[in-house]
Amino acid sequence: MGTYATIRGCLDLPDEAISRVLDLIYAETPALAVHYGISPDYVDHCNEGWVLQNGAPWSPFLFYGAWVRVQALPFIRAQCDAIARVGIEGEEGWVDYPKGLMVVDVEGISATWELQDGGLVERERPGASSVKGI
C-alpha cells in the first residue's frame, strides 16, 4: 500500500498571476511527473488537491489539501517551487510573487514549504524530523 503524506496549505496570489499559475499546475507540471516517476493518473490525483478561491473583494487564494504517496512529494514540491517564481511586475518596477505556506506531514515527520520572495524555503517544524530525502 505504501506510505502517505498529508499536504495542506494556502497561497496568496497576485490577481494577474492566476492564469499563469493554473497553467503551471494543469498544463506544464504534468510533464515534470515523468522526471519524478509519477504516472499521468496519479498526477490527476495530486492536482485534485488544488482549489482556487477567487472572488471580489479579496485576493485570490489557492488552497491545497491531499493525502499523497510520499513518492509524489518531490513532484508537488516542484509545483510549489514553480508557482513561487511566478512574478508579476508592478508599474513602479517592483515584483509581486505568490506567497504562502504548505505543511507536510509524513508519519510524525513534519516540514513547511514557505513561498516567499520568488522562492521556496523548506523548514523543519519544531519538534519534528525533516522530510528531506523522503
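A few notes on this one:
- Two-site label geometry, VAL70 and HIS35: point separation in nm, points 7 Å out along Cα→Cβ: 2.3
- Label selected from (i) 12, 43, 33, 10, 1, 0; (ii) 12, 35, 23, 16, 10, 4, 0; (iii) 11, 38, 31, 10, 6, 3, 0, the criterion being P(r) over Cα pairs in 10 Å bins from 0, in percent as computed here: (i)
- Burial ordering of TRP50, TRP58, fewest other beta-carbon atoms within 10 Å first: TRP58, TRP50
- For a label point 7 Å along the Cα-to-beta-carbon line of GLN53, residues of region 99-114 with backbone N under 17 Å: 99-103
- The modelled label-to-label distance between TYR26 and HIS45, using points 7 Å beyond Cα along the C-beta direction, is 2.1 nm.
- In the chain, the calculated helix contribution to ellipticity at 222 nm averages -7000 deg cm²/dmol per residue, counting -39,500 (n - 2.57) for every DSSP H run with n ≥ 4.
- Backbone amide hydrogens, once placed in the peptide plane, bring ARG125 within less than 5 Å of SER110, ALA111, THR112, excluding anything fewer than 5 places away on its chain.
- Spin-label pair TYR4/ASP81, simplified geometry with 7 Å Cα→Cβ offset, distance in nm: 2.6
- In order through region 86-93: 3J(HN,Hα) via Karplus (6.51 cos²θ - 1.76 cosθ + 1.60), integer Hz, x for Gly, Pro: 6, x, 10, 7, x, 4, 9, x
Readers should treat all values here as calculations from the given coordinates under stated rules, not as data from a laboratory. Every value quoted in this text rests on a predicted model; they were computed, and no experiment measured them. Note that we place each Cβ from the backbone using ideal geometry, even for glycine, and neighbour counts take in every protein chain shown.
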